1. Quick one: how many residues across the range 51-102 are more than 16 Å from residue 144 (Cβ to Cβ), assigned to a strand (DSSP E or B), out of contact with any helix residue (DSSP H, G or I) (no Cβ under 8 Å at 6 or more places or on another chain) and without any contact (Cβ under 8 Å) to a residue 40 or more places away in the chain?
2. Say whether the condition of being over 22 Å from residue 117 (Cβ atoms), in contact with a helix residue (DSSP H, G or I) (Cβ under 7 Å, 6 or more places away or on another chain) and aliphatic (A, V, I, L, M) is met by at least one residue in the range 171-194.
3. On the given criteria, is residue 208 of a type outside the set (D, E, K, R), surrounded by fewer than 18 Cβ atoms within 10 Å (Cβ to Cβ) and modelled with pLDDT of 95 or more?
4. Looking at (1) within 30 Å of residue 153 (Cβ to Cβ); (2) touching a Pro at 6+ places or on another chain (Cβ under 6 Å), which is the one condition that is false for residue 306?
5. Do any helices (runs of 4 or more DSSP H) entirely within the range 196-307 hold 1 or more residues that are within 29 Å of residue 149 (Cα to Cα), and if so, which?
6. I'd like to verify a number: residues in the range 4-29 that are under 16 Å from residue 226 (Cα atoms) and either at pLDDT below 50 or surrounded by fewer than 10 Cβ atoms within 10 Å (Cβ to Cβ) (or both), how many?
7. Being assigned to a loop (DSSP other than H, G, I, E, B), closer than 21 Å to residue 79 by Cβ and either hydroxyl-bearing (Ser, Thr, Tyr) or under 20 Å from the mean Cα position of the chain (by Cα) (or both) is the filter here, so list the residues in the range 143-180 that pass it.
Amino acid sequence: MLTACCIALTGSSQAAEPQSCTQVRMADPGWTDIDATNAVTGVLLKALGYQQNVSNLSVPITYQGLKKGQIDVFLGNWMPAQAPLVKPFVDERSIDVLHANLTNAKFTLAVPDYVAAAGVHSFADLVKHADQFNGKIYGIEPGAPANQNIKKMISDKAFGLGDWKIVESSETGMLTQVERAVRDKQWIVFLAWEPHLMNTKFHLTYLSGGDAYFGPNYGGATVNTVTRAGFSSQCTNLARLFQQLTFNVDLENQIITNVLQNKVDINTAASNALKSNPTLLNTWLKGVTTANGNDGLQAVQTQLGIH
């Protein structure tokens, strides 16, 4: 699925991008991890003299926006969960998959640890306890690819779950339900992923056996950066930045924890994370200039107060 984009990564980028490149249009499905990576990107873009505009859009609408040229960049192409959704766009070359911005992520179904201790360790264990789960799996926003995977699993009658239902709401709505269930020691099975604060807040157990729907290794995931077709050739300096912008689970968890647990503004949390991980900037900004052609690394370091 990963397509090569024609970006020359040698030498310095020219300050010859069209004026349209100064506005970087991005999307956010309302996921905390993408909030974090968008915020980090926003700090960098502002220091480099660009303006970031983030639209809150569902994942399917985001890909339509990329296809129509209304969105420039999306940092949330979770694979393999989004594989069926993204394949037609890649095949028709209406989007470009730039590179993997995060590895060693997870995305599959999970239960609280007390449910696992009672014998639920795999997808196949769910049906044995249908009454305790009320035959429900809690998902995120309607239209999300992960929800579609659950719906397919139910329609396939996989693991004996043919008469189960998915409860769709949002990340926040789902986690509120999880919090309520954990507080009362009720049984619940839901979509879970890492990086996210939920992994320490709720003491989760990821379920095995869902490889056909969420991929192997407990939903082991790679998150890609995708752009509208032609973005890389039109906005070469930005394309260089986005191709070099690679996150890690610890960095994202640091930002997410500061926002959700410590109630820090997300832009402040992103700036603080960059200040505490200054060596990342050397790789991310190699050969990247400001919008007017000056040294990009120096501009970001100055903005952050790093010397």
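The values are calculated or read from the model by the stated rules, or taken from the named source; none is laboratory data. Being a predicted model, the structure only gives us computed values, none of them experimental. Please note: Cβ atoms are built from the backbone with ideal geometry, for glycine as well, and neighbour counts cover all protein chains shown.
1. Count: 1.
2. No; the residues of the range 171-194 include none that is over 22 Å from residue 117 (Cβ atoms), in contact with a helix residue (DSSP H, G or I) (Cβ under 7 Å, 6 or more places away or on another chain) and aliphatic (A, V, I, L, M).
3. When the stated conditions are applied, residue 208 passes them.
4. Residue 306 satisfies every listed condition except (1).
5. Once the helices (runs of 4 or more DSSP H) in the range 196-307 are filtered for at least 1 residues that are within 29 Å of residue 149 (Cα to Cα), what remains is 198-201, 211-214, 216-219, 236-244, 249-260.
6. 4
7. Of the residues in the range 143-180, the ones assigned to a loop (DSSP other than H, G, I, E, B) are 143-144, 156-157, 161-164, 168-170.
With the extra rule that they be closer than 21 Å to residue 79 by Cβ, the set shrinks to 143-144, 156.
Scanning the range 143-180 gives 143, 144.
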